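*Asks:* I'd like to ask you about the structure that follows.
The values are calculated or read from the model by the stated rules, or taken from the named source; none is laboratory data. As the structure is a computational prediction, the values presented were derived from the model and not from experiment. Virtual Cβ from ideal backbone geometry, glycine too; neighbours counted across all protein chains shown.
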Amino acid sequence: MLLTDSEKRMLNGEEGPGVQKAMQFIIDYGEAFDARKLVDVHSAHILQDPLEMLEGLSSGVKHVRPLTTLHSNPPLGTRWADKLGLSMEDAGPVIENNARVLDVYKSLGCLMTLTCAPYVMGNILKKNQVFSWAGSSGVIINNSLFGARGNRDSGLAMTASAITGKAPEIGRIRNDGRLGDILFRFQKVELDKLTQADLGAMGYHIGAMAQTKNVVIEGLPDTLPFEMLKYLLSPMPVSGAVSLCHIVGLTPEAPDVAKAFGNRKPEMELTITPDDIKNGAEQLCGYESNDVEVVMMGCPHLTIRELREIAALLEGRKVSGNTRLFLATNEGVSELARRMGYLEIIEKAGGLVITDSCIAVFPFAKMKTHVSRAATNSARCAHYLLRGGAGEIVGGKVMQTYYGETARCIRAAITGTWEDAS
Amino acid sequence: MMIKGHTIQPGVVEGEAVVSNMPFSFLGDFDITSGLVNERHELAGESIAGKILVFPSGRGSTTGALVGYYAKMFNTAPAGMICREAEPVIALNALSNRIPMVDRTDQDPISAIRTGDRILLDATQGLITILTQNTNKE
């Protein structure tokens, strides 16, 4: 790999042992994908590394180089644990050193956003800028909607990029790694009637079909708001490993189909039918009783538009005594919602807005009262609820799961019952 | 039989293969408590703990590598991994947690290797040797 003089100095340890380790990791990562050089990173977003690993990488480091934000945390590691009804006894190893790890990152200048949607808290990219981000939803949103460039980074990569300011020039960072592979078109789908849950189910279906390939979708109306696109894109890297989805007419690099494919022929052309959307949604449900115990939304974290919509649906109503309503967002959006009175409406109705937390890995096994049935409007979240996250030892529990659009979830919270589709 | 591939994470390990046609995510596709693969995956009920996992590529959230760290802590991580072609999350899992791994082999690993085969994965050299073929399973 070709390194610049300053990169060589980092690798030789001239900027301290942490920078050296981080640079070595970035090079190892690059070599695994045949990188020929490194590029500068404009933005990092970190899922906290375990303390022992972080101590190695941060040794002698004073400050991260690009603008760096921090990812959402396991709910057990946040100030909401008690209000959520979680037992802190035997909380498990995942949160053991969480507070200390956060302190280290903060001392390095990382912004304590604790969200999977840092783009609403100032970590925002423009076309062609390079990012190293945790959170596969943020990655696909950055690549597909903003035209920024980054891969599905994981493990030590984000911290190493934040410390060195470098990333290997591979995959979606390269021009040739951004061209479309698979073309999706619609057949008999009523595009003007698509709900948020339809888009999530569609994204879930597309991800499973496309796996690691770059997707191109032709035919979506360009009037879809950001939130609808968020639900379309964010399941693609859950059922699959998609990190770039060109939405023709919307993605900066995809004004038309030919440009999205760089004038090459698509590797595959597939159609999306109403049945595909229905099957996608069915795969995200699995329940034996219609009594909903928890309704959870905010995967990815709710935007202010969503919280406003939810507050409007809840105004003057009450969440059922048998059901709990958890809404996840970040501190920025939550504070704005408080100022606007939305939080008051939601709290009065009996809902709970939480921050800093990832609900996709909600530790249902640690709930003080036994809970086994949860509803969500998020395909991502439903996928992980059905699978119990990473397992019981970290609080995961396989849940009976209901998947449907926001309004249906709110009705379930109010009545305590999941309405089957008519 | 010898298969040659490309090194993601060096290291030498011998073990039993578990082969999947379906992509695999460390978050959601198995339980780090038991090492057992989730019911909704093609490998449902198989343990990957200490095995050499053979699969097309990774999928799922970028939390995967952190889950791999805890899986190692609980001794439920695979001993090695072989992919058709790695995507970043699965490769970074191998790199961050030092799980020997190769991809881009000269023969399709998913048809060349069968679940239950005993294999030697020399990820440093990029070599896979099938030591004993499993004759019990199809």
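*Asks:* Go through region A:286-342 and give me each residue that's in a loop (DSSP other than H, G, I, E, B) and among the β-branched types (Val, Ile, Thr).
*Replies:* A:Val292, A:Thr303, A:Val319, A:Thr323
*Asks:* Just checking, how many residues over region A:375-422 are assigned to a loop (DSSP other than H, G, I, E, B) and among the aromatic types (Phe, Trp, Tyr)?
*Replies:* Going through region A:375-422 one residue at a time, the tally reaches 1.
*Asks:* Take the residues in region B:90-113 that are at the interface with chain A (Cβ under 7 Å from one of its Cβ atoms) and touching a residue at least 40 places away in the same chain (Cβ under 8 Å); name whichever of them is nearest to B:Phe30 (Cα to Cα).
*Replies:* Within region B:90-113, the match that is nearest to B:Phe30 (Cα to Cα) is B:Asn93.
To keep it simple, each residue is scored yes or no on (1) within 12 Å of chain B (Cβ to nearest Cβ); (2) touching an Asp or Glu at 6+ places or on another chain (Cβ under 8 Å); (3) of a type outside the set (D, E, K, R); (4) over 11 Å from A:Val295 (Cα atoms).
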site: A:Ala337; (1), (2), (3), (4): no, no, yes, yes
site: A:Ala349; (1), (2), (3), (4): no, yes, yes, yes
site: A:Thr355; (1), (2), (3), (4): no, yes, yes, yes
site: A:Phe364; (1), (2), (3), (4): no, no, yes, yes
site: A:His370; (1), (2), (3), (4): no, no, yes, yes
site: A:Ala375; (1), (2), (3), (4): no, no, yes, no
site: A:Gly388; (1), (2), (3), (4): yes, yes, yes, yes
site: A:Gly395; (1), (2), (3), (4): yes, no, yes, yes
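*Asks:* Out of A:Ser144, A:Ser132, A:Ser161, I need the residue that is touching an Asp or Glu at 6+ places or on another chain (Cβ under 9 Å), closer than 30 Å to A:Phe362 by Cβ and in a helix (DSSP H, G or I). Which one?
*Replies:* It is A:Ser161.
*Asks:* Residue under question is A:Met112, and the condition is that it be under 17 Å from A:Asp356 (Cβ atoms), modelled with pLDDT under 95 and of a type in the set (A, V, I, L, M, F, W, C); does it hold?
*Replies:* Values: under 17 Å from A:Asp356 (Cβ atoms): yes; modelled with pLDDT under 95: no; of a type in the set (A, V, I, L, M, F, W, C): yes.
Considered against the rule, which asks whether it is under 17 Å from A:Asp356 (Cβ atoms), modelled with pLDDT under 95 and of a type in the set (A, V, I, L, M, F, W, C), A:Met112 comes out as no.
*Asks:* Confirm whether A:Met202 is touching a residue at least 40 places away in the same chain (Cβ under 8 Å), among the aliphatic types (A, V, I, L, M) and either in the same structural domain as A:Met53 (by TED's automatic domain parsing) or buried (at least 24 other Cβ atoms within 10 Å of the Cβ) (or both). I'd like the intermediate steps shown before the answer.
*Replies:* Values: touching a residue at least 40 places away in the same chain (Cβ under 8 Å): yes; among the aliphatic types (A, V, I, L, M): yes; either in the same structural domain as A:Met53 (by TED's automatic domain parsing) or buried (at least 24 other Cβ atoms within 10 Å of the Cβ) (or both): yes.
So A:Met202 passes the test.
*Asks:* While we're looking at this one, here's another question. For A:His370, all conditions in the list (1) in contact (Cβ under 8 Å) with a residue 40 or more places away in the chain; (2) out of contact with any Gly (no Cβ under 6 Å at 6 or more places or on another chain); (3) over 28 Å from B:Arg59 (Cα atoms) hold save one; what is the number of the exception?
*Replies:* All conditions are met except number (1).
*Asks:* Can you tell me which residue is surrounded by the fewest Cβ atoms within 10 Å (Cβ to Cβ) among those in region B:18-77 that are in contact with a Pro (Cβ under 6 Å, 6 or more places away or on another chain) and within 9 Å of chain A (Cβ to nearest Cβ)?
*Replies:* B:Ser57
*Asks:* While we're on this one: For region A:173-201, give me the residue count where each residue is touching a Gly at 6+ places or on another chain (Cβ under 6 Å) and part of a helix (DSSP H, G or I).
*Replies:* Qualifying residue count for the region: 3.
*Asks:* In region A:328-350, is there at least one residue being among the basic types (Lys, Arg) and buried (at least 24 other Cβ atoms within 10 Å of the Cβ)?
*Replies:* Of all residues in region A:328-350, those among the basic types (Lys, Arg) come to A:338-339, A:348.
This time we only want the ones that are buried (at least 24 other Cβ atoms within 10 Å of the Cβ), so: none.
Checked against the condition, which is being among the basic types (Lys, Arg) and buried (at least 24 other Cβ atoms within 10 Å of the Cβ), region A:328-350 yields no hits at all.
*Asks:* Quick one: which of A:Lys126, A:Lys106, A:Lys166 is at pLDDT 95 or above and not assigned by TED's automatic domain parsing to the domain that holds A:Asp49?
*Replies:* When all the criteria are applied, what remains is A:Lys106.
*Asks:* Shifting gears a bit: What tally of residues in region A:104-118 results from selecting those that are of a type outside the set (Val, Ile, Thr), part of a helix (DSSP H, G or I) and more than 23 Å from the chain's Cα centre (by Cα)? Show your work before the answer.
*Replies:* Initial filter on region A:104-118 (of a type outside the set (Val, Ile, Thr)): A:105-112, A:114, A:116-118.
Those still in the list that are part of a helix (DSSP H, G or I) too: A:105-107, A:118.
Next, only the ones that are more than 23 Å from the chain's Cα centre (by Cα) stay: A:107.
Going through region A:104-118 one residue at a time, the tally reaches 1.
*Asks:* Restricting attention to region A:122-161, and to residues there that are buried (at least 24 other Cβ atoms within 10 Å of the Cβ) and at positive phi, which single residue is farthest from the other protein chains (Cβ to nearest Cβ)?
*Replies:* A:Gly135
*Asks:* Quick one: in region A:162-188, of everything that is surrounded by fewer than 18 Cβ atoms within 10 Å (Cβ to Cβ) and either touching a strand residue (DSSP E or B) at 6+ places or on another chain (Cβ under 6 Å) or not small (Gly, Ala, Ser) (or both), which residue is farthest from A:His246 (Cα to Cα)?
*Replies:* A:Lys188
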